[in-house]
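Data first, discussion second: the structure below is written as C-alpha cells.
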Amino acid sequence: MAEQFFNRELSWIEFNARVLKQALKKEIPLLERLTFLSIVSSNFDEFFQVRVAATKRLLETNPDTKDVSGLTPLAVLSGISERCHELLKKQQDCLINEILPELKKEGLEYLRMEDYSTLQKDFLQTYFKSVVFPLLTPLRTDTQTFPHIINLNLYAAFLLKPISGIKTSSEILKGDDDSPRIAFVEIPGKVNNLIWLPTENQAVRQFTLIDDVVQCFGRLLFPGFTVEENLLFKVVRDADFAVDEDAGPDFINAMENVLIQRKSSFPVQLLYSGKSTKILNFLQEKLELEEDDVYEVNGIISISKLTELRDAEGTEKLTFEKWEHFYPGDLPEDEPFWDTLRLQDKILHVPYESYDPVVKFLNDAAKDENVLAIKMTLYRTGRDSPIVQALERAVQNGKQVVVLVELKARFDEERNIAWATELENAGATVIYGLVNLKVHAKILMVIRRESDSIRRYVHLSTGNYNTKTARLYSDISLFTANPEIANDATQFFNLVTGYSTLQKMNLFGMAPVNLKSNLISMIEREAERSTPAHPGLIMAKMNNLTHTEVISALYKASRAGVKILLNVRGICMLVPGVKGLSENIQVISIVDRYLEHSRIFYFQNGNSPELYCSSADWMNRNLDRRIELMFPILGKNTFDEVKSILDTYFKDNVNASYLTQGGEWKDVERYKSDEKCSAQLDLYKKYKKKYEKAGKSRGIEFKVRRK
C-alpha cells in the first residue's frame, strides 16, 4: 500500500510550485507574472527561515527519527534541496528568457551594468556619488570576527587587489595576512530600488537596479585597490524562535529579544549571483553551509524590486483588469447595522465585497452613545490601521474596550507590539495573548444598551482584521445578533481574558478545547449515516491539511463510502485516490489572483446539512496549540450563500489543480463537456451583478469603470 501521509515540507514546496506555474502562464499579464515570481521568492524566504531551519535542528538532535511519511530529517533536507534548486532555475529562466524580453517589447528594458552606455554611466556615477555612496559601509573580512550578515538583506562582495606602490589600510590596519582581501557592502534599502536611465531611444524606457549600480561603482569605496571579482548574495537565517512564555511582566522585552536573535541566527541558505568562485567558497566556508544550501541565481536575487514597475506610467495594460470591491447591497451605508442585524445575519465575502462594513461597524460602535463595550481579538492588523483608530476613538468616547492582542504572530511581532502599546496608552484594556497558545481566533463583539435589554452584536471571520490584506485575501465573515452565538462569544471572552472553568459552548467549536473532537465527530457521523443508496458527503475548503488524526478519520469515512471533496490551497499530507483507503477522496487546489484564505466545512448529515466557517486549518498547530474558533452558518439565506461559494470552488476548471496519489499536482481537465469556469472570476461577476441589482432597486445609477 502507498504511504498514508505525504511529507509536510515537500508538500508545501509543491504549493510554491503551483504559484510558480501561474507565472509561467503566457495568458497572464506580464507584471502579474512578475508578481507571482516575487511571491515564489518571498514564500521560499519564509519556508527556509522556519521549516528548513527546524528540520536542520532536528537533524542535529534526532537524526534517526522518521516522520509520518517515513522520511528522516536528512532525507527531507535532501528532497527540499533537489526540488527547490529545480524550481529556482525555472523561476529564473522565466524571468530572464520570457518576462524581461517581453517587457522590452512593451517599452520597458532592464539593463545590467555591462550594458550601460557612456551617457548612462556618467549619470549613474553622479547618482552613486551623491545618493548611494554616503549610505554604504564597506566591511573588511580579515578581522578577528566575521562581519555580521543581516538576515535577508542583500550584499555586494568584492575581491580586492592592492595597486602596486600605494600604501593602503591593509598595511596600516593589519588583519589576517592569510585571508583574501574580500569586502562586503550592504545594498541600501532606503533608496529607490529601480533607477530610470537617460536614453536616446524614445521608444523604450530603460532602467537598472540599485544592486547593479553598487556593483558597477563599488570600486570607488576602495581607493588603492582594484576590484578583481564581485558577487551579489543574500543569507537566509533561522527565524523559528519561540519566546520564553514564562517571561511574565517582561514578555514584551522577551519578544523584542526574539526579533534581535532572528537577525543573527544560524544561516540555512545562501543565494548568490555572479561568477566569483573565490568569494563563493569563502562565504560558504565562513557561513558553514553545505553544497545543498547554496543556490545560484543567474538573474536577479530580489525579484520583488522589479514589482515597482507597477507604479510606472502606462503599465496598467500589463496588469490584471481592475476588479472593484463592491459594498454589499443588503447592508446600509448611511446608518448603523443594528436594525438590520436584529432581523437577520449577514455574510461578507472579501475581497469581492468591500471590507468597509467591518470598519463601519466598529466606527458606528465607537460613536454610538448606547454602546457600552467592545471586545475583540487582533492577530495581524497592518500599519495605520483604521481598526486600531476606531478602537482608540471608542476609548475616548467612554466605551470599555478590551483587546486580546497576539504578539506572537510571526514576522509581525514588532508591528503588533507598537500598536498594542498605542492602544494601551489610549486607555484600552490590552491582554497580550495566552501562555503557550497563540490566539488566532477572529472575533469582535459589541455590547449595546437598547430599549428592551442589553444586546450583543458579533462579527466572526476566517481572516484577520486587516484592511490591506482584505483587498487581496479571500475570506468569509459573519455579522449576527443571534443570542446563542452572542452567549458563546461571551463565554469565549470570559475564558481567554480571565479565569474560568470550561463552560459548554452551544454553537462554537474552540481549539484546543473541542474543535478537533467536534470535527472528528462530524466526520464519523457522516460515515455512520452513509449508505450505498445515500452516500454521505463532506466538502471542505482550507489552507492546509496536516493533522494525522483528522486525516485518519477522513480515510475511515472514505472506506465507509462517504464522498469527500477537499479544496486545499497549500500543504496536503493526505494521500487521495488509494484503493481501500482514500478512493472516495478528491483533493483540488486553486491559485489565482487572490490568495484563497477562507475555511469552509460542509457536512451533509443525512437530510440535515451543517455548514461552518473557521479561523482554523486542519493542522496540528491550529487544532492543538492555538486558540481558534469554528462557527456555524445558521440563517437560510446565509447558508445558501456560503454553500454556493463553496460549490463554485469545486467547479473551477481554469486555475484548479488536482492531487494524485503519487503526490503530483496536475491541471484539472479543462472545459471538455463542461463550461469554462474560473471560480474567482465567476464570484466576481456574481457580486458585481448583485451590487448593480441592489443599486437599481434603490433607484441609483452605478457606472462601473472598465478598461
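The values are calculated or read from the model by the stated rules, or taken from the named source; none is laboratory data. What you see is a predicted model, and the numbers here were worked out from it, not measured in a lab. Heads up, the Cβs are rebuilt from the backbone with ideal geometry, glycines too, and the neighbour counts pull from every protein chain shown. Ligands, DNA and RNA are stripped out before the accessible areas are found, and what is left, the full protein with its side chains, is counted by its heavy atoms. Shrake-Rupley method; radii C 1.70, N 1.55, O 1.52, S 1.80 Å.
Average projection, convex hull of the Cα set of segment 600-681: 8.0 square nanometres.
Using a probe radius of 1.4 angstrom, the carbon and sulfur fraction of the accessible surface of the chain is 47%. Counting only protein heavy atoms and a 1.4 Å probe, the chain has 45 square angstrom of accessible area per residue. Each 5 Å bin, from zero up to the one with the longest distance, holds this percent of the alpha carbon pairs of segment 544-605: 4, 17, 27, 26, 15, 7, 3, 0. Cα-based radius of gyration for segment 352-404, normalised by 2.2 N^0.38 Å, reads 1.11. Summing Cβ point charges (Lys, Arg +1; Asp, Glu -1) relative to the Cα centre of the chain gives a dipole of roughly 1520 debye. Ordering 28-41, 655-668 by mean Cβ neighbour count within 10 Å, with the highest value first, yields 28-41, 655-668. Straight Cα distances below 26 angstrom link Lys286 to the lysines Lys56, Lys89, Lys161, Lys174, Lys234, Lys263, Lys275, Lys278, with same-chain residues fewer than 8 positions distant left out.
Relative contact order for the chain: what percent, with Cα pairs under 8 Å and sequence separation of 6 or more? Walk me through the numbers before you get to the answer.
Working: 1270 pairs, mean separation 81.3, N = 707.
Rounded, it is 12 percent for the chain.
Pairwise inverse Cα distances across segment 92-152, averaged and inverted, put the Kirkwood hydrodynamic radius at 15.3 Å. Partners of Lys442 within straight-line reach, counting aspartates and glutamates whose Cα lies under 18 Å from its Cα and excluding those fewer than 8 residues away in the same chain: Asp345, Asp356, Glu406, Asp412, Glu413, Asp475, Glu484, Asp488, Glu596, Asp617, Asp624, Glu628.
Rg and Dmax over the alpha-carbon atoms of segment 306-435 stand at 17.9, 51 Å. When the Cα positions of Val578, Ala616, Ser530 are compared along the charge dipole of segment 523-645, Val578 comes out farthest toward the positive end, with charges on each C-beta of Lys, Arg, Asp and Glu. Mean sequence separation of contacting Cα pairs (under 8 Å, at least six apart), scaled by the length of segment 451-539, corresponds to a relative contact order of 20 percent.
The accessible-area ordering, largest first, of the residues His349, His534, His325 stands as His534, His325, His349, per a 1.4 angstrom probe. Among the lysines of segment 589-689, pairs at least eight places apart or on separate chains and with Cα atoms under 16 Å apart come to 9.
Calculate, in whole percent, how much of the Cα-Cα pair population of segment 413-519 lies beyond 17 Å. Tail of the P(r) past 17 Å holds 65 percent of the pairs. Directionally averaged projected area (segment 59-130, Cα convex hull): 9.5 nm². Under a no-solvent Debye model with one identical scatterer per Cα of segment 1-52, what's log10 I(q)/I(0) at q = 0.15, 0.22, 0.30 Å⁻¹? Evaluating at q = 0.15, 0.22, 0.30 Å⁻¹ gives log10 I(q)/I(0) of -0.49, -0.79, -1.09.
For the chain, the percent of C-alpha pairs falling in each 20 Å distance bin, counted from 0 to the bin holding the largest distance, reads 15, 45, 32, 7, 0. Diffusion coefficient (Stokes-Einstein, Kirkwood radius over C-alpha pairs, 20 °C, 1.002 mPa s) for segment 462-554: 132 µm²/s, rounded to a whole number.
Per the Kirkwood formula applied to alpha carbons, segment 529-632 shows a radius of gyration over Rh ratio, Rg over Rh, of 0.96.
Would you check the accessible area of Arg621, probe 1.4 Å, heavy atoms only, in square angstrom rounded to 10? For Arg621, solvent-accessible area is about 80 Å². The DSSP beta bridges internal to the chain are antiparallel in roughly 70% of cases.
Once the gyration tensor of the Cα atoms in segment 1-118 is diagonalised, the equivalent ellipsoid follows with semi-axes of 36, 16, 10 Å, ordered largest first.
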